[in-house]
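Here the structure is laid out as structure tokens; the discussion comes afterwards.
Derivation of every value follows stated rules applied to the coordinates shown; laboratory data play no part. Fair warning: this is a prediction, and the values are worked out from it, not measured in the lab. Note that we place each Cβ from the backbone using ideal geometry, even for glycine, and neighbour counts take in every protein chain shown.
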Amino acid sequence: TGNGVFRPLIRATNVFLIFKNTFLCLNVSSIMLQEAKCAYIIIIMAVYWCTEVIPLAVTSLMPVVFFPLLGVQSSKSVCLQYLNDTNMLFVGGLIVAISVEQWNLHKRIALRVLLILGVKPALLMLGFMIVTAFLSMWISNTATTAMMVPIVQAVLDQMDNTEYDVTVMEQGTGQTNTVIELEEKNASDPTSVHVISNGQVPDDPRSSEEKTMRKRICKGMTLCVCYAASIGGTATLTGTGPNMVLKGQMNQLYPNNNDIVNFASWFGFAFPNMILMLVLAWLWLQCSFMGLNFKKSWGCGTERTAKEKAAYNVLKAEMKKLGPISYAEFNVLLMFVLLVLLWFSRHPGFVKGWATRLFPEGEKYITDSAPAVFIALLLFILPANKPKFIGWSPSMSDPEQAEEDIKKPFLSAPLLDWNVVQRKMPWSIVLLLGGGFALADASANSGLSAWLGHQMTPLGSIPPWAIATVLSLIITVFTECTSNVATATLFLPVFSSMAASVKIHPLYVMLPGTLSASFAFMLPVATPPNAIVFSYGHIRVLDMVRSGIVMNIIGVFCVTLAINTWGRPMFELDTFPAWANSTTNQ
């Protein structure tokens with residue numbers, strides 16, 4: 001009821017703030033410099049993004065109104081940023097991801113990997129993390145978590161039920177052999193109880209220590225999914241929003257950057273970092289929730305327990321429900337693999353890619369968005385079922401069956417339907433990215449970026465690695481209470497200006513900043529995967545905060561290590577490139 005009383009008051013305050021800022025903006029427009037006008041709109045948008053007085057996507061549309069009104073940029077220039085090359089890459093990648101979800105291909109991959117890895121506690125957690133991280137590289141972190149958590153829940157429930165049954169059986173065998181065979185708890189009858197032949201309901205035989213351990217395992221198994229989703233998204237350029245923000249801002253602020261951040265170069269840098277983070281996160285969650293008992297966790301030289309057999313049976317049953325791989329699933333898998341190959345081979349760096357070999361000046365004209373949209377188009381064309389060749393059909397001997405076959409269309413419905421895409425596409429993120437690109441463009445053209453860079457010149461006396469580490473920590477804290485994409489959008493242009501002023505490679509600070517924007521591990525509201533896991537009720541906020549603090553430290557450590565080791569030769573981070581002078585010259 002408290003929320004119901006205060007909600008109208010909060011809403012009224014929000015409306016007042018919005019109109020106050022709008023009218024103040026119009027009043028001071030005549031006395032401000034261009035840089036100040038641009039900074040003012042960015043500050044208002046930052047406040048709105050942090051407080052969410054209006055939806056994030058709606059705040060992202062503010063540049064379309066206020067930049068032209070204040071004379072910062074023309075409407076034409078601002079609107080062009082909302083569906084540029086980077087956003088088209090994002091849209092193409094998302095359409096392919098939606099087709100994978102639509103045909104349940106992600107669930108088949110998940111179950112297959114879990115069955116291969118096995119169900120020993122440590123391996124089961126590692127299996128959940130590997131599958132979640134791999135899937136979130138290609139489809140949205142939220143969709144991956146939403147698909148994985150019910151599988152985790154089913155496995156944990158079955159293990160718990162089996163443990164209960166075994167314990168009661170053991171106690172009953174010690175007293176009498178007339179124990180009625182215990183049935184599994186049915187999901188439709190959660191109130192079912194276990195009885196012994198004398199008709200009495202036994203007390204829960206498990207000790208409080210076993211119950212506590214079971215709760216801890218539940219917490220660890222569910223937390224590992226949301227953490228792995230956030231970590232996995234960092235490995236590919238289209239995996240999560242902040243990565244796309246970096247790609248767009250690099251093209252915006254440094255038009256002549258020679259396509260330094262593309263799908264292949266990002267993967268080469270971020271994938272090893274993801275592997276390192278995933279292993280350290282797994283070790284931390286193992287240590288924190290299960291203890292480092294290798295014999296118990298790994299089951300070295302021991303047979304499968306009843307709990308493990310039950311977990312394995314659940315996974316097998318789920319796999320059986322999916323049936324054999326369908327024609328549509330096979331086609332989607334083929335398109336997905338083809339897209340990844342096209343991305344990697346477009347401009348590998350060490351040899352000429354297909355863009356250069358097959359098309360004149362292809363390297364200049366073709367970017368990663370072209371193959372993404374090409375595969376997306378194919379998904380709306382290729383059929384979901386095998387084409388029916390009437391002339392070759394064996395049913396021609398049966399006249400009735402032949403007549404039915406003739407009535408059927410030669411090609412079935414396509415793999416993907418626009419209504420599905422429209423329903424599942426996160427349009428808010430597309431607008432959020434567009435708003436960020438509009439801000440970056442206005443910052444560069446109004447002179448705000450140059451002014452910020454000039455103010456940060458004193459930072460030149462601090463070692464670059466220290467600057468990168470401190471900035472990573474700041475972003476990691478900030479992203480806990482603000483949208484990951486909004487965080488990257490606000491900070492990356494500032495980092496770019498700072499790099500230009502102290503003459504260090506822009507990517508030396510922008511790469512750690514981008515990756516750190518995805519390290520939202522501490523709060524349920526920090527990112528949708530955390531919220532999904534929290535909603536299942538196994539975890540308290542304090543559990544997430546305790547684990548998340550260490551996860552943030554692991555993240556910053558891994559990023560600092562990556563940027564100072566394999567990142568240096570990959571992006572030539574020891575040099576200040578000629579193309580980076582474009583910002584300072586404006």
Mean Cβ neighbour count within 10 Å, used as a protection proxy, ranking 52-61, 92-101 highest first: 92-101, 52-61
Euclidean distance of C-alpha centroids, the range 222-244 and the range 31-106, integer Å: 21 Å
Theoretical gain in end-to-end length, residue 330 to residue 386 [0.36 nm per residue, Cα-Cα removed]: 19.1 nm
Cα-projected label distance for residue 279 with residue 374, points at 7 Å along beta-carbon direction, nm: 3.6 nm
Nearest-0.05 FRET efficiency for residue 271 and residue 545, computed from C-beta distance (R0 22 Å): 0.15
Residue 351-residue 459 FRET efficiency (beta carbon distance; Förster radius 45 Å; 0.05 resolution): 0.70
Label-point gap, in nm, between residue 574 and residue 428 - each point 7 angstrom along Cα→Cβ: 4.6 nm
Pair residue 358, residue 531: separation of 7 Å Cα→Cβ label points (nm): 4.0 nm
Net lengthening on full extension, residue 523/residue 210 (0.36 nm per residue, minus Cα-Cα): 109.9 nm
Extended-chain gain in nm, criterion 0.36 nm per residue less alpha-carbon gap, residue 117 and residue 313: 69.2 nm
